[in-house]
Amino acid sequence: MKRSTSFTASAAAGIIALGLACGIASATESNIVVTAETAAKITEVLKAQGYDVRKIDSEDGRFEAYALKDGKKYEIYLDAAFAIVETKLSD
């Protein structure tokens, strides 16, 4: 019985290591959820920079905001700490 248990623990450790190497274990980062609280915080951060936020989603482990500024449309990506990591001018 012990042999089976230690093999199972070994196998689990190997699977976890493989998942980390392949980036599978970072799924929690990809599962950022937009709540009313996070949407309010993102809106506050972007409004302070002159953006008019129209929509907020999550994509690839980041928040994605669609906003207007100076008559132009932007896609703004923020990390989990609400720091802007990328800004794209949208068509």
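The values are calculated or read from the model by the stated rules, or taken from the named source; none is laboratory data. Worth saying up front: this structure is predicted, and the values here are computed from it rather than measured. Positions of Cβ are generated from backbone atoms using ideal geometry, with glycine treated the same way; all protein chains shown enter the neighbour counts.
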message: Among the residues of the stretch 34-70, what is the count of those that are touching a Ser or Thr at 6+ places or on another chain (Cβ under 6 Å) and within 15 Å of Thr87 (Cβ to Cβ)?
response: 1
task: Answer yes or no as to whether Ser10 is surrounded by 10 or more Cβ atoms within 10 Å (Cβ to Cβ) and either at pLDDT below 50 or not in a helix (DSSP H, G or I) (or both).
output: yes
- prompt: Out of all the residues in the stretch 41-91, which are surrounded by 14 or more Cβ atoms within 10 Å (Cβ to Cβ), part of a loop (DSSP other than H, G, I, E, B) and under 19 Å from the mean Cα position of the chain (by Cα)?
  reply: Gly61, Asp79
message: Please go through (1) surrounded by 12 or more Cβ atoms within 10 Å (Cβ to Cβ); (2) part of a helix (DSSP H, G or I); (3) at pLDDT 95 or above for Gly19 and return the number of the only condition it doesn't satisfy.
response: (3)
query: Which condition number does Glu37 fail, the rest of (1) outside any helix (DSSP H, G or I); (2) at pLDDT 95 or above; (3) surrounded by fewer than 10 Cβ atoms within 10 Å (Cβ to Cβ) being met?
result: (1)
